[in-house]
């Protein structure tokens, strides 16, 4: 579908930042990719294409970087978008989940009525590392009675085995793997 040169172009826009946000972590900074219109369009296309024509009703993205790709993918799939937020950001009744990160813990929330029972959902984030964030987000969506069709991310850190935590939530698709 896309040649090695095209994928190398995307990869070249991902910058390694050592010891961020804590010592020992190598952060994959994709902001240069966001600033390149062609690369951004390509990344969204590569994330959305496997799900075109699959009847996705809603795309769910976790705060904050899951919003960047989630809204664009929702638009590409003619689907709605639902945000999963950090605590205290949503004004109505929420489902809440605490989870472990590669370098600590965090909490996510979703409005209890944001996703209807039976809705076909595509979960989106920028990066899959240990899988904690996505596992928590999927768990929140599962509480609504929705059907999680798949998980898609721009970047997967394969050596952290995050996809193993997502086996109950459909196919996992990543564009760039490290």
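Bear in mind these aren't lab numbers, they're just calculated from the coordinates by the rules spelled out. Because the structure is a prediction, the values reported are computed rather than measured. Cβ coordinates were reconstructed from backbone atoms using ideal geometry, including for glycine residues, and neighbour counts include every protein chain displayed.
Comparing 26, 115, 44 in a Gaussian network model of the chain where C-alpha atoms under 10 Å apart are linked, the largest mean-square fluctuation is found at 26. For the pair residue 120 and residue 11, label points projected 7 Å from Cα toward Cβ lie 3.3 nm apart. Within segment 133-166, list the residues whose amide N lies under 19 Å from a label point set 7 Å along Cα→Cβ of residue 100. Label zone hits: 133-140, 157-166. Counted residue by residue at 0.36 nm each, then reduced by the alpha carbon distance between them, the extension gain from residue 34 to residue 142 reaches 35.8 nm. By the helix-only formula, in which each DSSP H run with n ≥ 4 contributes -39500 (n - 2.57) and the sum is divided by residues, the chain has a 222 nm mean residue ellipticity of -8000 deg cm²/dmol. Per-residue Cβ neighbour counts within 10 Å put 98, 23 in the sequence 23, 98, beginning with the fewest. I'm spelling it out carefully: the read-out is volume of the Cα convex hull per residue in Å³, the candidates are (1) 121; (2) 113; (3) 151, and one was derived from this structure. Which label? Calculated volume of the Cα convex hull per residue in Å³: the matching label is (2). Of all DSSP beta bridges confined to the chain, the antiparallel ones make up roughly 35%. Potential lengthening of the chain between residue 171 and residue 54 amounts to 40.8 nm, from the contour at 0.36 nm per residue minus the alpha-carbon distance.
Once the Cα-Cα distance is subtracted from the 0.36 nm per residue extended length, the residue 27 to residue 41 segment shows a gain of 2.8 nm.
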